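The values are calculated or read from the model by the stated rules, or taken from the named source; none is laboratory data. The structure displayed is predicted, hence computed values, not measured ones. Glycine also receives a Cβ, built like all others from the backbone with ideal geometry; neighbour counts cover every protein chain displayed. All accessible areas refer to the heavy atoms of the entire protein, side chains included, with ligands and DNA or RNA removed. Shrake-Rupley method; radii C 1.70, N 1.55, O 1.52, S 1.80 Å.
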Amino acid sequence: MTFLSILCALLIEQLKPLRADNMIYAEIKSFAMRIERWFNAGDASHGRLGWILMMAALMVPTAAIYWALMHYDLIFAAFAWNVLIVYLTLGFRHYSHYFTSIQLALNSGDEATARTLLAEWARVDTVGMETTEIIRISVEKSLITTHRNVFGVFFWFLMPLGPAGAVMYRVSEYLARAWNEPEHMRNEAFGQFAAKAFYWIDWAPVRLTAVAFAVVGNFEDAIYAWRNFAHRWTDEALGIILSAGGGAMGVRLGSPQENAAKLLPLDAALVDSSDSDGDILPGEEPNLRALQSTVGLVWRALLLWMMLLLLASSAAWLG
């Protein structure tokens, strides 16, 4: 049921992508804002209480409905519920149009349109940005978005929590951003627990995503970059994803320190392209080929996940 649920959700999303500004997401965002207003009194413990309350409010009904359907042997209804939850928590097509449009604009030499699209997508200052940086940030944003909207969801959906696990992952990722990244929340203690909780929730998925990138790409360079350069990002998860992904494609990701504040205000960047021993980050500077390589890497990683899931499901069914 797990494999078929994910496969059906992916197929439905390809045919009918869920808008990123849909009503369900809007209600969850509104709920998160109300929780912050009700509980934020300047203490980290209040953020922990608010996080637990919001998780319980969303996860408990999700799990209860699934377990009730399974308890009464309503297998088809339980399957439909799984497909619905995976469809709602996946975001494979939410922002792919940005990446595709940027790729088309750069291929036609329209850098102005590419800058505008990237500014809308990544919410960074793109005025006067060179083509190399446009490509670099587009690739980085695509790898991070794919991990958080696809592979992380897959991992937690496969856990015993089932659909409730998928909900937990996506909501915890949103709260880690919503309660820390806005200007008025960056130095607030309220969001500290949300950030720590998502770090641990994402600890295993981020490493599995990096392994998948390595397996379907240049394995040696991906592992080398991961081991020797991931620590240069202040955000460990981003360092692992971008170093492994860049190594797998043979592309140097991460922005120089002097450009970090302008280009990636929320996602920490590389200090430089060499470590203390003089080792050079493998790969070349981002170019137009890197955009196509990113598409290929993501799809191959997705197919790898699906093949492994099919094998595991088949083994469980035959056993």
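Things worth noting here:
- Summing Cβ point charges (Lys, Arg +1; Asp, Glu -1) relative to the Cα centre of the chain gives a dipole of roughly 940 debye.
- Segment 32-130: trypsin sites (Lys or Arg not before Pro) in DSSP coil with no more than 12 other Cβ atoms inside 10 Å: R123
- Theoretical ellipticity at 222 nm over the chain - DSSP helices of four or more residues, -39500 (n - 2.57) apiece, nearest 500: -23000 deg cm²/dmol
- Net charge over other residues, Cβ less than 12 angstrom from the Cβ of H97 (K, R count +1; D, E count -1): +1
- Note on M159 and R300: the extension gain reaches 48.5 nm, defined as 0.36 nm multiplied by sequence separation minus the Cα-Cα distance.
- Choice from A164, A230, A204 with maximal GNM fluctuation in the chain (Cα, 10 Å cutoff): A204
- Among H184, H97, H231, residue whose mean-square fluctuation peaks in a GNM of the chain (springs only between Cα atoms under 10 Å): H184
- If you take the Cα centroid of segment 108-132 and the Cα centroid of segment 80-107, the two points sit 20 Å apart.
- Rounded tilt (10° steps) of 111-122 against the dominant C-alpha axis of the chain: 40 degrees
- Degrees between helix 75-89 axis and first principal axis of the chain (Cα, 0 to 90, nearest 10): 30 degrees
- Solvent-accessible surface of the chain, averaged per residue with a 1.4 angstrom probe and all protein chains in place: 48 square angstrom.
- Most mobile of I102, I201, I52 in a GNM of the chain (Cα contacts under 10 Å): I52
- Neighbour cut-off at most 16 other Cβ (10 Å), DSSP loop, GluC sites (Glu not before Pro), segment 78-187: E130
- Crossing angle, helix 44-71 versus the chain [Cα axis fit, 0-90 degrees, rounded to tens]: 50 degrees
- Computed over protein heavy atoms with a 1.4 Å probe, the carbon and sulfur contribution to the accessible area of the chain reaches 62%.
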